[in-house]
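Asks: The structure follows.
The values are calculated or read from the model by the stated rules, or taken from the named source; none is laboratory data. Please read all numbers here as calculations on a predicted model, not as lab measurements. Counting neighbours? That spans all protein chains shown, and the Cβs are built from the backbone with ideal geometry, glycine included. Heavy atoms of the whole protein, side chains included, go into the accessibility calculation; ligands, DNA and RNA do not. Shrake-Rupley method; radii C 1.70, N 1.55, O 1.52, S 1.80 Å.
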Amino acid sequence: MRTFLRLQPQGNGKLDLNLPNIGIKRTWDVARLQLLDTSFLEQGDFTVLTEEQMEKLKEVAGFPEDCANHERLAVLAFLYLYLSICRKQRALPSLDITVWSELPTGAGLGSSAAYSVCLAAALLTACEEIPNPLKEEEGASRWAAEDLELINKWAFQGERVIHGNPSGVDNSVSTWGGALRYQQGKISSLKRPQSLKILLTNTKVSRSTKAIIASISNRLLKFPEIVAPLLTSINAISLECERVLGEMATVAPALEHYFMLEELIDMNQHLLNALGMGHTSLDQLCQMTMAHGLHSKLTGAGRGGCGITLLRPDLEGPKVEAAKQALISYGFDCWETSIGAPGISIHSSASLDAPVRQALDGL
């Protein structure tokens, strides 16, 4: 499931942003943006935005009274990246930008990171800060590693506008693709087994990642001797999972590996509940899949959002289908997918599927 951005230079002196998934259509006058004092965006090395910087960005955005918070954040991230990346140009460019996503928003699937990565890649390429890797005869191409590094840095800044203090995992996986290992701010690629299939279920219960992170921090401060061991246990589960996945990547995966992953998934879900990340919708998801012999846990920040269910290779189609239908009939959205996909790419228009082209054209 991917997020798509179309950038078109235009000669009408306007900057247009169109986000059909959340019903946003905004236009700014480039000449007016050009007159702004954007020195408040100077940051040298990429740093967290101050409250003062955010307030100035909000003034530039000029939000109507009834604008929802997630809509504000999407627009602020766009303006921040546009003004920061393009301000080095002699004149700010007049652009028409549409972003459309197959990912649901506010569900912990990294839709904001995919959005920030698309924006960073498109704006850096349009402003010739990085080269366009797409050759005329190609359908799709990817940027070189050093260009991906720069895309990722700017995307992380976009994520900071939206989430405050994100880990950097979501933008990194959107940039690089595949599977990543994250520990204490260090991110590296992981070998992944070919056969790791999952059900991805959206409970459609939306929530704020920022609020959940704050609440867990408070719980840690309030009960350090209880919460710290929970985090240590979750870390141990991650390391054991990494070991099992590494083994599966080097030898033929055996059913025993999947049984171990299922046990780790169950333990982790209980620990996440103890941290206060659970929700009745996620309990329901786990119970419904367990009734079909499948093991699930929340993904993302919890308290709603999405869950993943491991699909062992020995599972028969009808069993998986029955679990999917049970989840869908309960009102959840459910997709059968697999772990790991390519990261940010640039495509020729002709190489995109018709539904994607239609969505970007606003049909």
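Asks: From the helices alone, meaning DSSP H stretches of at least four residues, give me the mean residue ellipticity at 222 nm for the chain, per-run term -39500 (n - 2.57), in deg cm²/dmol to the nearest 500.
Replies: When only DSSP H runs of four or more count, the value is -15000 deg cm²/dmol.
Asks: Still on this structure: Taking the full set of protein chains and a 1.4 angstrom probe, give the accessible area of E129 in square angstrom, rounded to the nearest 10.
Replies: Ignoring ligands and nucleic acids, E129 comes out at about 70 Å².
Asks: Determine the sum of side-chain charges near G304: Lys and Arg each +1, Asp and Glu each -1, restricted to other residues whose C-beta is under 9 angstrom from that of G304. Write down the numbers at each step before the final one.
Replies: Working: positive: K204, R207, R303; negative: none.
Local charge sum for G304: +3.
Asks: Related question: Express in Å², to the nearest 10, the accessible area of K186 obtained by rolling a 1.4 Å probe over the protein heavy atoms while all chains stay in place.
Replies: Roughly 150 Å² of K186 is accessible to a 1.4 Å probe.
Asks: With a sphere of radius 11 Å drawn around the Cβ of C118, what net charge do the other residues whose Cβ falls strictly inside it have (Lys, Arg +1; Asp, Glu -1)? Don't skip to the answer; put the middle values down first.
Replies: Working: positive: R2, R6; negative: none.
Net charge in that neighbourhood comes out at +2.
Asks: Can I ask one more? Over the stretch 1-157, with the other protein chains present, what is the accessible area per residue in square angstrom, probe 1.4 angstrom?
Replies: 49 Å²
Asks: Now a separate question. Under 12 Å from the Cβ of D16, count the other residues' Cβ atoms, weight Lys and Arg +1, Asp and Glu -1, and hand me the total.
Replies: +2
Asks: Here is a further query. I'd like to verify something in the chain: which complete DSSP H helices, judged by Cα projection on the helix axis, reach 24 Å or more and average at least 1.0 on the Kyte-Doolittle scale?
Replies: Sorted by number, the helices that extend far enough and score high enough are 69-86.
Asks: What dipole magnitude, in Debye to the nearest 20, does the chain give about its Cα centre under +1 on Lys/Arg Cβ and -1 on Asp/Glu Cβ?
Replies: Taking the Cα centre of the chain as origin, the dipole is about 320 debye.
Asks: Hey, what did the stretch 230-363 get for relative contact order, percent, Cα under 8 Å, at least 6 apart?
Replies: 17 percent
Asks: Another question about this same structure. What do you reckon, how do T3, T27, T289, T280 stack up by accessible area (1.4 Å probe), largest on top?
Replies: Ranking T3, T27, T289, T280 by accessible area, largest first, yields T280, T27, T3, T289.
Asks: Which residue fluctuates most in the GNM of the chain (Cα springs below 10 Å): S116, S351, S238?
Replies: Checking each option, the largest mean-square fluctuation is seen for S351.
Asks: Check which residues have an amide H placed less than 5 Å from D96's amide H, if you skip close sequence neighbours.
Replies: Under 5 Å from the amide H of D96 lie the amide H atoms of Q8, Q10, D16, each far enough along the sequence or on another chain.
Asks: How much area per residue is accessible in the stretch 192-339 when the probe is 1.4 Å and only protein heavy atoms are counted (Å²)?
Replies: 50 Å²
Asks: When the convex hull of the C-alpha atoms of the chain is computed, what volume per residue in Å³ does it have? Present the calculation step by step, with values, prior to reporting the outcome.
Replies: Working: hull volume 60.0 nm³, N = 363.
Hull volume normalised by residue count: 165 Å³.
Asks: Which lysines does K297 reach when only Cα atoms under 27 Å apart count, and residues fewer than 8 places away in its own chain are ignored?
Replies: K186, K191, K197, K204, K210, K222, K319, K324
Asks: Could you tell me the ratio Rg/Rh of the stretch 192-339? Both radii from Cα atoms, Rh via Kirkwood.
Replies: Answer for the stretch 192-339: 0.98.
Asks: Of T232, T38, T105, which has the largest mean-square fluctuation in a 10 Å C-alpha GNM of the chain?
Replies: So, out of T232, T38, T105, the one fluctuating most is T232.
Asks: Taking springs between alpha-carbon atoms closer than 10 angstrom, which of A77, A122, A323 fluctuates most in the Gaussian network model of the chain?
Replies: A323
Asks: Tell me, what ³J(HN,Hα) does each residue in the stretch 348-358 have, in order and in whole Hz, if you take phi through Karplus 6.51 cos²θ - 1.76 cosθ + 1.60 with θ = phi - 60° and put x for Gly and Pro?
Replies: The phi angles translate into 7, 4, 5, 7, 7, 5, 3, x, 5, 4, 5 Hz.
Asks: C67 accessible area, nearest 10 Å², 1.4 Å probe?
Replies: Per-residue accessible area (C67): approximately 20 Å².
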